[in-house]
Amino acid sequence: MFEINGPPGRDGGVRLRPYQTEAIDRVRDRIRSGVRRVVLVLSTGGGKCLARGTPVLMFDGSIKTVEQVEIGDLLMGPDSRARTVLSLAH
């Protein structure tokens, strides 16, 4: 699950567009209601992907650009725990 810390735009928080906030609220509502698998679909430009060249923090503390990330890599999660890359979209 994801976590956005702090109010948007403050203390490193992410500034979301209204439709993004609504989508996240709906996903959270479904999870709270007991749904275990949720799929979020947004159109192109909806904020789901990282731009080419975006730095990504690896679990070992190194940095890769998003296009260098490979299946099986370990990324640093927001809780400082490892996240394994399961798939990629090109």
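One table, with the values for the structure above:
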{"item": "Whole-Hz ³J(HN,Hα) from phi, Karplus 6.51 cos²θ - 1.76 cosθ + 1.60, for segment 17-26, glycine and proline x", "result": "7, x, 5, 6, 4, 4, 4, 5, 4, 5"}
{"item": "Estimated inter-spin distance, Leu42 and Ile71, nm [label 7 Å along Cα→Cβ]", "result": "2.6"}
{"item": "In sequence order, calculated HN-Hα J values of segment 75-88 (Karplus, 6.51, -1.76, 1.60; Hz; x Gly/Pro)", "result": "9, 7, x, x, 9, 6, 9, 5, 10, 8, 6, 9, 7, 10"}
{"item": "q = 0.14, 0.16 Å⁻¹, segment 49-90: log10 I(q)/I(0) [Debye, one scatterer per Cα]", "result": "-0.27, -0.36"}
{"item": "Full-stretch length increase - Leu50, Arg26 - with 0.36 nm per residue and alpha-carbon distance subtracted", "result": "6.4 nm"}
{"item": "Added length on full extension, which subtracts the Cα-Cα distance from 0.36 nm per residue, His90 to Met58", "result": "9.6 nm"}
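No lab work stands behind these numbers, since they all come straight from the coordinates. As the structure is a prediction and not an experimental result, all values here were calculated from the model. For neighbour counting, all protein chains shown are included, and Cβ atoms are generated from backbone atoms with ideal geometry for every residue, glycine included.
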